[in-house]
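One structure below.
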Amino acid sequence: MRIFAFTILLFVGVQCYCQDVDLSYYLPDIEYDSSIPTPKEFLGHEVGEFHVTHDKLYFYMKELARLSDRITLTEYARSHEKRPLIYLTVTSPSNHNQIEEVRTEHKKLTNTEESKSVDIENMPLVIYQGCSIHGNEPSGANGALATMYYLAAGQGSKIDQLLNDVVILFDPAYNPDGLQRFSTWVNTHKGKHLISDSNSREYSEVWPRGRTNHYWFDLNRDWLLLTHPESRGRIKTFHEWKPDILTDHHEMGTNSTFFFQPGIPSRTNPNTPQLNQDLTYKIGEFHGRALDKIGSLYYMKESFDDFYYGKGSTYPDAHGCIGILFEQASSRGHLQKSDNGLLTFPFTIRNQVTTMLSTQDAAVALRKEILEYKRQSFLEARELAKDNPVKGYVFGDPDDPAKVNRFIEILLSHQIDVHKVSRSQNIEGTLLTPQSGYIVSLDQDQYRLAKSIFEQITSFRDSLFYDVSAWTLPLAFNIPYKELNGNVELGARITSVPSIQGGLTGPEEPYAYLIEWNDYHAPRALKTLQENDLIVKLANETFTINNKKYDRGTLIIPVGNNQKVSRSELREIMIGITEHNELKVHGVGSGLVESGINLGSRSLGTVEDPKAMVLIGNGVSSYNAGEIWHHLDQNLEMAVPMVDVNRFSRIDLSQYKTIIMPIGGYNSINGQKDKLKKWVQGGGNIIAIGSAINWLKRQEIISLDVQTDNGNGNSNGDKSKEKKNESVDIPAYEGANEERGAKVTGGMIAMTDIDITHPLFYGYTRDQLPVFKRGNHFFKPLSNKYSTPGRYSAEPVLSGYIHKENAEKMPGSISVFSTNLGSGKIIGLVNNPVFRGYFWGNSKLFANALFLGHSY
């Protein structure tokens, strides 16, 4: 049959291309049930003719589930934009009739108390096939149309065996919001005749582009962190089924070919069994043969790795499951010129469909071997736990139970057993009681994932990483914890997130209300106070009242000064704050104290409304801008305008007190430095994060010196020892990329020393703070010794990889600075305080810069 009909027109170097493709281009030549509508019959266009929007994709899947006795549809979550996330359970009608029994029997393979007696002879294998977690990598989601039609309508003995031997959980769109955003863009710019010139607007998405979800997060980094509803629902489904194979269909650069795992062997997470990689390779042979048949180029064991357990193709590897990444060269629209010829959108879809089906073929052929691997993986994990000298971890933070609860919620979502401590104990100077201390024993079925969450790693087989090299969660949450050796005494098991007892204390008609700043939700409470136009004072010294000590940062709400509301209305506001934020508000009957400052002290600051805006747009990291937006909107519940840098020259800055500059280059506002500087001198505050600090330095708005030594005046080399007139070895060119890559700091965790008497660190009770470090910018402390309240510690490397040359520059260099400029301030946060929405231990620093920046 005629698959392509096209005309090539050359006009000013632009190629135009017409194409005509039907389902036979994608699917095997077999009989199909005519009662099942093809995608074209339902949607009105062929697969690949247009980019399918999420709504069309969803309704087609819903129609297949309605018509086919092989398919049921389950909604497992709603995106931030309230789009449904679904999976389709595809298997034989007989399996469907006993699907709950199939699921529960299969799950027993992951329970070491039951797995040895489980009969796998006729047990169906479970595949989770998912698509397009990056919305502008659409070939997977569009391939879902063809693959699901094949599964619903295909006839013959081969598909009968597949449906009998396998349960497929098919997730057609991991990221509905991003897919909708991207499909709308490319369809808007599609003409009757396709244009392959990469300079065409079709291939230049507007910021923030379609890769990310609603808040501009990369959902393929969120499988472990569970910041978003899409991930939380997916992981819940994962653990309900415990699949044996999970596939994750992506796209990469236009000039590439097609990749499938295994990835680079030396970059596999050391907690992943070798048999996992061996089976991945066996499955890969099925992909290779299938792609050979259609003449597609492909490769494996290059480019990508299996290290970070927070990605879709790696998270399964900690669970006796085989995670497989597919990366297709992207047309990023409908047609592009590439180094390998014209790359059509249908071609990208065909490779994805082909490997979706080859995965299913491999599942049938290797069914018992893969099921046995799952059983042995968990049994082996128990043996590894016995041999590990580390038997578990104890953790807790009585000063901030909300933060601990979020950490526990993540652990429980990943099916990790958590217990209370059985007796009080002291770790890092923090007293943990059975009410505030918790233990994760490594003697559990989730040994591999639990270990990876808590362990600190500083030595690696390889020095290159596709993503971060560390994600130690208790460090990210700034929760005191320590390893346990020997016998682990467990208290009661935790099966749900513990409740927090908030509430209002003190007399009915107090002199003032006090809110301690150490609680994670205290900034959100402050936001409520400001919304009610209340006067809020800030304690810059400690004090003791009613036998209770209050630290710096305590919020004081004087009743007598707040005349805009009645006493009863103010009390109701306080009660609402305690209920919404699960924190305590203390009413006190007098301004007199037992020690420290009185509640009317001249040392008190006044907390002002920050009147903030966030700069976004071209040149700004959409990831970091999204992290800030998400934190403000979801955690602090603040409505803060996001202002495009292209509008900056036209904005009246006098209506703002704070400008938040996310990570970015800001070249588009180079000509606006005088305007910005004048605004700061007039009393405005800039909160600059990461490379935004570099822009301020280049524009000479701030003065910073780069640290080139180890902070103690010692250079990295001793030139006096250099030998002259000797031959020099010429480095091999083949090692150039590896050497450059080894010096990249892609993501590690470092320790900083902090001054907890400085307002930027109010709410912290310990003088060290772990931070997420990415990049190699190191600055010397400012000349004013009080302007650098955060510096890297003498031995800063806690977990993750950093090249020795860069590690030597860290000690003593700036982590946080605050410098005056006229009546305003520039607050510099060298490290991202809201990284991926899970670095809760640093979010108080961000809140301090925002809310307290004008109070000192």
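The values are calculated or read from the model by the stated rules, or taken from the named source; none is laboratory data. Note that the structure is a prediction, hence the values are computed from the model and not measured. Every residue, glycine as well, gets a Cβ built from its backbone with ideal geometry; the counts of neighbours run over all protein chains shown. Remember, those area values only see protein heavy atoms, side chains included, never the ligands or the DNA or RNA. Shrake-Rupley method; radii C 1.70, N 1.55, O 1.52, S 1.80 Å.
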Three principal axis extents, largest first, for the C-alpha atoms of the range 411-472, in Å?
43, 29, 18
With no solvent term and unit scatterers on the alpha-carbon positions of the range 145-244, Debye gives log₁₀ I(q)/I(0) at q = 0.16, 0.19 Å⁻¹ of -0.91, -1.00
Roughly to the nearest percent, how much of the accessible area of the range 407-473 is carbon and sulfur, given a 1.4 Å probe?
40
Rough spin-label spacing in nm, given labels placed 7 Å along Cα→Cβ, for Arg103 and Ile651
4.8
Relative intensity, log₁₀ I(q)/I(0), of the range 433-569 from a Debye sum that treats every alpha carbon as a point, q = 0.10, 0.16, 0.19 Å⁻¹:
-0.60, -0.99, -1.18
I need the GluC sites (Glu not before Pro) found in the range 391-494, filtered to DSSP loop residues with at most 14 other beta carbons within 10 Å of theirs.
Glu428
For a label point 7 Å along the Cα-to-beta-carbon line of Asn618, residues of the range 666-690 with backbone N under 13 Å
666-670
For the chain, the dipole about the Cα centre with charges only on Cβ (Lys and Arg +1, Asp and Glu -1), to the nearest 20 debye, works out at 2200
Fully extended contour minus Cα-Cα distance, from Asp705 to Lys780, at 0.36 nm per residue
26.5 nm
Pairwise FRET efficiency - Ser266 versus Arg66, Cβ, R0 = 45 Å, nearest 0.05
0.40
Under 5 Å between amide H atoms, partner at least 5 residues away or on a different chain: which partners does Lys773 have, H built in plane at 1.01 Å?
Met748, Ile749, Ala750
Rank Phe182, Thr344, Thr72 by how far each Cα sits towards the positive end of the charge dipole of the chain (+1 on Lys, Arg Cβ; -1 on Asp, Glu Cβ) and give me just the farthest.
Phe182
Whose amide H sits under 5 Å from the amide H of Ile494, counting only residues 5 or more places off or on another chain, with H placed in the peptide plane?
Val418, His419, Lys420
Suppose a student asked you for the relative contact order of the chain, using Cα pairs under 8 Å spaced at least 6 residues apart; what percent would you report?
10
Along each principal axis of its Cα atoms, how long is the range 38-179 end to end? Whole angstroms, biggest number first, please.
50, 37, 22
Contact order relative to length of the range 12-161, as percent, for alpha carbon pairs under 8 angstrom and 6 or more apart
31
Need the list of lysines near Lys548 for cross-linking: C-alpha distance under 30 angstrom, and skip anything on the same chain fewer than eight residues off.
Lys403, Lys420, Lys482, Lys527, Lys537, Lys564, Lys584, Lys844
Probe 1.4 Å, heavy atoms of protein chains only: per residue, the accessible area of the chain in Å² is 40
Residue-wise HN-Hα coupling along the range 281-295, computed from phi with Karplus coefficients 6.51, -1.76, 1.60 (Hz; x: Gly, Pro):
5, 4, 5, x, 4, 5, 5, x, 5, 5, 6, 4, 4, 9, x
Distance histogram for the range 658-703 (every C-alpha pair counted, 10 angstrom bins, percent rounded to whole numbers)
29, 64, 7
May I ask you to derive the relative contact order of the range 264-379, considering only C-alpha pairs under 8 Å and at least 6 residues apart, and to give it as an integer percent?
31
Using a Förster radius of 51 Å, what is the FRET efficiency between Ser568 and Ala492 based on their Cβ-Cβ separation? Nearest 0.05, please.
0.80
With every protein chain in place, the accessible area of Ser601 for a 1.4 Å probe, in Å² rounded to the nearest 10, comes to 30
With +1 assigned to the C-beta of every Lys and Arg and -1 to the C-beta of every Asp and Glu, and no other charges, what is the dipole magnitude of the range 9-156 about the Cα centre in debye, to the nearest 20?
500
Consider a paramagnetic label point 7 Å from the Cα of Ser204 along Cα→Cβ; state which residues of the range 614-648 have an amide N under 15 Å from it.
618-619
Quick one: how many Å² of Met123 are accessible to a 1.4 Å probe, rounded to 10?
10
Where labels lie 7 Å past Cα in the beta-carbon direction, separation of Gln376 and Asp755 in nm
6.0
Within-10-Å neighbourhood charge of Thr765 [Cβ basis; K, R +1; D, E -1]
-4
Would you mind giving the three semi-axes, in whole Å and largest first, of the ellipsoid equivalent to the range 192-234 according to its Cα gyration tensor?
32, 10, 8
Dipole of the chain [Lys/Arg +1, Asp/Glu -1 at C-beta], most positive-end residue of Tyr25, Thr819, Trp517
Thr819
Any idea which of Ile283, Met300, Val364 is furthest toward the positive side of the dipole for the range 282-383, if Lys and Arg beta-carbons carry +1 and Asp and Glu beta-carbons -1?
Val364
Multiplying the sequence separation of Ser24 and Tyr733 by 0.36 nm and subtracting their Cα-Cα distance, what value in nm do you get?
250.6 nm
Given labels modelled 7 Å from the Cα in the Cβ direction, how far is it in nm from Glu285 to Asn255?
3.5
At 0.692 mPa s and 37 °C, plugging the Kirkwood radius over alpha-carbon pairs of the chain into Stokes-Einstein gives what diffusion coefficient in µm²/s?
112
Gain on full stretching of the segment that runs from Asp33 to Asn164 - 0.36 nm per residue minus C-alpha separation
45.4 nm
Which percent of Cα pairs goes in each bin when the distances of the range 286-401 are cut into 5 angstrom slices starting at zero?
2, 8, 13, 14, 17, 13, 9, 7, 6, 5, 4, 1, 0
Evaluate E = 1/(1 + (r/R0)^6) for Asp609 and Lys192, where r is the Cβ-Cβ distance and R0 equals 51 Å; express this FRET efficiency to the nearest 0.05.
0.40
What dipole magnitude, in Debye to the nearest 20, does the range 755-802 give about its Cα centre under +1 on Lys/Arg Cβ and -1 on Asp/Glu Cβ?
160
